[in-house]
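J.: Okay, here's the structure, questions in a sec.
The values are calculated or read from the model by the stated rules, or taken from the named source; none is laboratory data. None of these values were measured; they are calculated from a predicted model. Positions of Cβ are generated from backbone atoms using ideal geometry, with glycine treated the same way; all protein chains shown enter the neighbour counts. Just the protein is used for accessible areas: all its heavy atoms, side chains included, with ligands, DNA and RNA removed. Shrake-Rupley method; radii C 1.70, N 1.55, O 1.52, S 1.80 Å.
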Amino acid sequence: RAGTPELQWLSDTIDAGRAAGIPWIVVANHLDYMSSGSKLDEVGSAYVDLLVDKRVDLVLQSHEHAYQRSAQLRHSAGCPTVTTGAVDVDCIADDGSDGHYQAGEGPVLVINGTGGAPLYPINPSDPEAGYFAVARGIESGMPFGWSRITASDTTLSVSFQSTGAAFADSFAITKGDPPPPDQSPPTAPAGVSAHAV
């Protein structure tokens, strides 16, 4: 909660990580703030607003036994606090639909509670569903799995690793300008011939 020693410790630790030149700030906690599943606000807005203010790169959570990846959250003139119970589009820096986020714009939340306990359903009409680029639960045959995270100086990549049924999600948070899209036409292959049969 606001004004607690625990929240101050978190703020100081994030600042110390940045001051030390740590390239990526990842915060992990068990409980969730928003979800398109059954969980309601379990951590409070002061906690999430701190992470948004500090522009943490990635937040890992797991209490909702499903898989959800959020849009990139931000504060703006129209979004002084990220609220639950409804989606505020002013709180979204990037909807995450293309799987690419720009570092420094705000945190991406990954709720991955698919480690082995029975899975929960996702409700696509949940009032917070619009905060999530991807949301899968037991109703869609979501498999168990885990999140693999790899980092370089310029890219933080996260991919879901399934233990069974086919499901894939991956995304990247990158520093600097994103690479321009490839607009060159494909090259015709050489030395290939075909015969009608």
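J.: Taking only the stretch 1-33 into account, find how many residues are closer than 22 Å to A172 by Cα and assigned to a helix (DSSP H, G or I).
T.: 3
J.: Would you mind stating whether S36 is in a loop (DSSP other than H, G, I, E, B), in contact with a Phe, Trp or Tyr (Cβ under 6 Å, 6 or more places away or on another chain) and among the hydroxyl-bearing types (S, T, Y)? Don't jump to the end; show me each part of the working.
T.: Details: in a loop (DSSP other than H, G, I, E, B): yes; in contact with a Phe, Trp or Tyr (Cβ under 6 Å, 6 or more places away or on another chain): yes; among the hydroxyl-bearing types (S, T, Y): yes.
In short, yes.
J.: Those residues that are closer than 21 Å to A133 by Cβ and among the acidic types (D, E), I need them from the stretch 22-45; list them, please.
T.: Of everything in the stretch 22-45, those that are closer than 21 Å to A133 by Cβ and among the acidic types (D, E) turn out to be D32, D41.
J.: Let me ask you something else. Only one of (1) within 16 Å of the chain's Cα centre (by Cα); (2) part of a helix (DSSP H, G or I) fails for Y47. Which number is that?
T.: With (1) within 16 Å of the chain's Cα centre (by Cα); (2) part of a helix (DSSP H, G or I) applied to Y47, the lone miss is (1).
J.: Could you check, for the stretch 53-67, whether at least one of its residues is free of Cβ contacts under 8 Å to residues at least 40 places away in the same chain, open to solvent by 40 Å² or more (accessible area, probe 1.4 Å) and in a loop (DSSP other than H, G, I, E, B)?
T.: Here is the first cut: in the stretch 53-67, the residues free of Cβ contacts under 8 Å to residues at least 40 places away in the same chain are 53.
Applying the additional criterion that residues be open to solvent by 40 Å² or more (accessible area, probe 1.4 Å) yields 53.
Among the residues that remain, those that are also in a loop (DSSP other than H, G, I, E, B) are: none.
The answer is no, given that none of the residues of the stretch 53-67 is free of Cβ contacts under 8 Å to residues at least 40 places away in the same chain, open to solvent by 40 Å² or more (accessible area, probe 1.4 Å) and in a loop (DSSP other than H, G, I, E, B).
J.: Need the failing condition index for V59 against (1) at pLDDT 95 or above; (2) more than 23 Å from I92 (Cα to Cα), just the number.
T.: Status for V59: all satisfied but (2).
J.: Got at least one residue in the stretch 146-157 being open to solvent by less than 70 Å² (accessible area, probe 1.4 Å), part of a loop (DSSP other than H, G, I, E, B), at pLDDT 95 or above and not polar (S, T, N, Q)?
T.: So far as the stretch 146-157 goes, no, none of its residues is open to solvent by less than 70 Å² (accessible area, probe 1.4 Å), part of a loop (DSSP other than H, G, I, E, B), at pLDDT 95 or above and not polar (S, T, N, Q).
J.: Then there is this: Filtering the stretch 82-117 down to residues that are in a loop (DSSP other than H, G, I, E, B) and touching a Cys at 6+ places or on another chain (Cβ under 6 Å), which residue is surrounded by the most Cβ atoms within 10 Å (Cβ to Cβ)? Give the derivation first.
T.: First, pick out the residues of the stretch 82-117 that are in a loop (DSSP other than H, G, I, E, B): 82-88, 95-99, 103-107, 113-117.
Subsequent filtering for residues that are touching a Cys at 6+ places or on another chain (Cβ under 6 Å) retains 82, 88.
Details: V82: 22, D88: 18.
Across the stretch 82-117, the extreme among qualifying residues is V82.
J.: From the list A168, A194, which residue is small (G, A, S), at pLDDT below 95 and under 18 Å from the mean Cα position of the chain (by Cα)? Outline the logic, then answer.
T.: Details: A194 fails: under 18 Å from the mean Cα position of the chain (by Cα).
Exactly one of A168, A194 is small (G, A, S), at pLDDT below 95 and under 18 Å from the mean Cα position of the chain (by Cα), namely A168.
J.: Right, here's the next one. Looking at A93, A117, A71 in this structure, which one is out of contact with any Gly (no Cβ under 9 Å at 6 or more places or on another chain) and either of a type in the set (A, V, I, L, M, F, W, C) or under 23 Å from K39 (Cβ atoms) (or both)? Steps first, please.
T.: Numbers: A93 fails: out of contact with any Gly (no Cβ under 9 Å at 6 or more places or on another chain); A71 fails: out of contact with any Gly (no Cβ under 9 Å at 6 or more places or on another chain).
Criteria check complete, one pass: A117.
J.: In addition: If only one of Y120, Y33, Y47 is surrounded by 19 or more Cβ atoms within 10 Å (Cβ to Cβ), among the hydroxyl-bearing types (S, T, Y) and either touching a Ser or Thr at 6+ places or on another chain (Cβ under 6 Å) or at positive phi (or both), which one is it? Step through it out loud before you land on a result.
T.: Numbers: Y33 fails: either touching a Ser or Thr at 6+ places or on another chain (Cβ under 6 Å) or at positive phi (or both); Y47 fails: either touching a Ser or Thr at 6+ places or on another chain (Cβ under 6 Å) or at positive phi (or both).
Testing whether each residue is surrounded by 19 or more Cβ atoms within 10 Å (Cβ to Cβ), among the hydroxyl-bearing types (S, T, Y) and either touching a Ser or Thr at 6+ places or on another chain (Cβ under 6 Å) or at positive phi (or both) leaves just Y120.
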